[in-house]
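Participant: Can you read through this structure? Questions will come right after.
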Amino acid sequence: MTTAKKELTLLEHHNQLTDAIARDESISADIKSLLVCISTFFNTQKQCAFPSRKKIAARMGCCVNYVTELIAKAKKTGRIKVTAQFTKTAIDSAPRQVANKYEFALEMFGLYYKKAKTLFNRHLRKKNKKKEATQQASAARVDYITQQLDEASVSEQPDIDTYEWEEYEPPK
């Protein structure tokens, strides 16, 4: 499956990946549910996910052996790359496998990732939020001051036609 660069969408949040997987009609339902489940653990900055098969099974509502079978099927389709992760423990002399590292073939889902572009877009959004907040706050202050001035001019303005003003004499 080839995809032109112009058709790819910048991946800025893991929910975009989850949505792209869920919308892909070429994936079978069982593999799709596995990929959607793994994508909820996806870290966009590291471009991978580290859930254990036990966590995946609990979230999917199936047994660990079935998850292992689905992972093997998903690897064959080329949509996901799985690498075993090992850690050295004080108890064992040999390293022990703790979890798998799952990396998605983003191009197969119509996505791509560039760290610099993602950080730049995030910076622009923060800058625009601050600007909008400042504009809203200043608009609220201006509205409040205008309202106060309107109320003051209406309530404190004397009626010139009243009898009291005709009797008024300025102090000498």
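The values are calculated or read from the model by the stated rules, or taken from the named source; none is laboratory data. The structure presented is a predicted model; accordingly, all values stated were derived computationally and were not measured. Using ideal geometry, Cβ is built from the backbone for each residue, glycine included, and neighbour counts are taken over all protein chains shown.
Participant: Given (1) of a type outside the set (A, V, I, L, M, F, W, C); (2) assigned to a helix (DSSP H, G or I); (3) within 26 Å of the chain's Cα centre (by Cα), identify the lone condition not met by Q45.
Facilitator: Condition (2) is where Q45 drops out.
Participant: Quick one: A94 ticks every box in (1) out of contact with any strand residue (DSSP E or B) (no Cβ under 6 Å at 6 or more places or on another chain); (2) surrounded by 10 or more Cβ atoms within 10 Å (Cβ to Cβ); (3) of a type in the set (A, V, I, L, M); (4) closer than 28 Å to K55 by Cβ except a single one, so which number is it?
Facilitator: Checking A94 against (1) out of contact with any strand residue (DSSP E or B) (no Cβ under 6 Å at 6 or more places or on another chain); (2) surrounded by 10 or more Cβ atoms within 10 Å (Cβ to Cβ); (3) of a type in the set (A, V, I, L, M); (4) closer than 28 Å to K55 by Cβ, the one that fails is (2).
Participant: Follow-up. Please enumerate the residues belonging to the stretch 41-73 that are in contact with a His (Cβ under 9 Å, 6 or more places away or on another chain) and surrounded by 15 or more Cβ atoms within 10 Å (Cβ to Cβ).
Facilitator: Here is the first cut: in the stretch 41-73, the ones in contact with a His (Cβ under 9 Å, 6 or more places away or on another chain) are 41-44, 49.
If the condition is that a residue be in contact with a His (Cβ under 9 Å, 6 or more places away or on another chain) and surrounded by 15 or more Cβ atoms within 10 Å (Cβ to Cβ), then F41, F42, T44, A49 are the ones that fit.
Participant: For T118, work out the one condition from (1) at pLDDT 90 or above; (2) part of a helix (DSSP H, G or I); (3) among the β-branched types (V, I, T) it doesn't fulfil.
Facilitator: (1)
Participant: Given the conditions (1) modelled with pLDDT under 75; (2) touching a Leu at 6+ places or on another chain (Cβ under 9 Å); (3) aliphatic (A, V, I, L, M), report the number of the one that L106 does not fulfil.
Facilitator: Status for L106: all satisfied but (1).
Participant: Counting just the residues of the stretch 6-33 that are touching a residue at least 60 places away in the same chain (Cβ under 8 Å) and not in a helix (DSSP H, G or I), which one comes out farthest from the chain's Cα centre (by Cα)?
Facilitator: Residues of the stretch 6-33 that are touching a residue at least 60 places away in the same chain (Cβ under 8 Å), as a first pass: 7-12, 16-17, 20-21, 24.
If we keep only those that are not in a helix (DSSP H, G or I) too, we end up with 8-12, 24.
Details: L8: 18, T9: 15, L10: 13, L11: 10, E12: 7, D24: 20 Å.
Across the stretch 6-33, the extreme among qualifying residues is D24.
Participant: Going by the conditions given, is C62 in a loop (DSSP other than H, G, I, E, B) and out of contact with any Cys (no Cβ under 8 Å at 6 or more places or on another chain)?
Facilitator: Criteria met by C62.
Participant: Check A105, A116, A99 and return the single one that is touching a Phe, Trp or Tyr at 6+ places or on another chain (Cβ under 7 Å), within 25 Å of D19 (Cβ to Cβ) and of a type outside the set (S, T, N, Q). Before you say what the answer is, go through the steps one by one.
Facilitator: Details: A105 fails: touching a Phe, Trp or Tyr at 6+ places or on another chain (Cβ under 7 Å); A116 fails: touching a Phe, Trp or Tyr at 6+ places or on another chain (Cβ under 7 Å).
After ruling out the rest, the residue left standing is A99.
Participant: Can you tell me which residue among V82, V67, V36 is under 19 Å from the mean Cα position of the chain (by Cα) and not basic (K, R)?
Facilitator: Result: V36 is the single residue among V82, V67, V36 that is under 19 Å from the mean Cα position of the chain (by Cα) and not basic (K, R).
Participant: Give the stretch 32-51 a look and list any residue that's at pLDDT 90 or above and within 17 Å of G110 (Cβ to Cβ), or say none.
Facilitator: Listed by number, the residues that qualify are K32, L35, V36, S39, F42.
Participant: What pairs come out if I take residues in the stretch 116-137 that are within 21 Å of Q45 (Cβ to Cβ) and touching a residue at least 60 places away in the same chain (Cβ under 8 Å) and pair them with residues that are surrounded by 10 or more Cβ atoms within 10 Å (Cβ to Cβ) and of a type in the set (D, E, K, R) whose C-beta lies under 8 Å away, six or more apart or interchain?
Facilitator: That search, which allows pairs on different chains as well, returns T118/E12; N121/E12; R122/E12.
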